[in-house]
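Just so it is clear, none of the values below were taken in a lab; they were calculated from the coordinates. Quantities reported herein were computed from a predicted structural model and do not represent experimental measurements. Here Cβ is always computed from backbone atoms with ideal geometry, including for glycine, and neighbour counts include all displayed protein chains.
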Amino acid sequence: MAGFLDRAKEQAQRGLAQGKQKVDEVQQQRAGSDLLKKLGSAYYAERNGSGTPEATQNALRALEAHIATHGDAFLHGA
């Protein structure tokens, strides 16, 4: 009986770890998407005269830092 409970506990722990990993991936994708939107907004504002090149560069740097840390998978998603 103890062997069964140990296996069940291990399976539950693996499931929790996989769930946490998936949540982390989704959060990273959302953060990347938000940074990409901010870059687009900054660029649009700059082109229309209400933004600055510095704001666009800052948004680009933030996006590049995110990509360097977490990859660019969010760019390829649906």
Legend entry - Evaluation of A42 against (1) within 21 Å of H76 (Cα to Cα); (2) in contact with a Gly (Cβ under 8 Å, 6 or more places away or on another chain) (one fails), failing number: (1)
Inset, instruction - Report whether or not G40 is touching a residue at least 40 places away in the same chain (Cβ under 8 Å) and out of contact with any Ser or Thr (no Cβ under 7 Å at 6 or more places or on another chain). - result: no
